[in-house]
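Let me begin by presenting the structure, written as structure tokens, before commenting on it.
The values are calculated or read from the model by the stated rules, or taken from the named source; none is laboratory data. These figures come from a predicted structure and were not determined experimentally. Cβ: placed from backbone, ideal geometry, glycine included. Neighbour counts: every protein chain shown. Calculation scope for accessible area: heavy atoms of the full protein, side chains included, ligands and nucleic acids excluded. Shrake-Rupley method; radii C 1.70, N 1.55, O 1.52, S 1.80 Å.
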Amino acid sequence: MNVVSAVFLVVFAVIGICAFVRELTFFLFRNRKNNTVMFVAPVSGKCENAEYILRSAAAKVKWISRGRNDCVICLDCGMDDETKRICQKICRDYGFAKLLTKQEFLEMIK
């Protein structure tokens, strides 16, 4: 029983240290301005790892977001239908992800 409680103690201590280091890093390297982060992932043709690209981009944006209005943009650069369905599903799963064409993206950044 002591071994099990010691393992739990070590696991929770490591999680606590990681959370502390993350908060300290954000405090030290904080940006005074309230800029938003926009992660653009261009996808073209048949992309076998489109799901991986978008999910990892979403994880990165969630990690650095801190409650701001950040987003992930999947830029359609001529992707096939299967890849487009995958990207649409990922964008539905994450509320801050969008699937945009080149024209829509240009209009958005103007």
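The combined condition, being surrounded by 13 or more Cβ atoms within 10 Å (Cβ to Cβ) and farther than 30 Å from T25 by Cβ, is not fulfilled by M38. Consider segment 1-32 and keep the residues that are polar (S, T, N, Q) and modelled with pLDDT of 85 or more. The one that is least open to solvent (accessible area, probe 1.4 Å) is S5. Residue count for segment 61-95 satisfying the condition of being open to solvent by 50 Å² or more (accessible area, probe 1.4 Å) and either in a strand (DSSP E or B) or not basic (K, R) (or both): 11. Within segment 64-102, the set of residues being closer than 15 Å to A41 by Cα and among the polar types (S, T, N, Q) comprises T83, Q88, T101.
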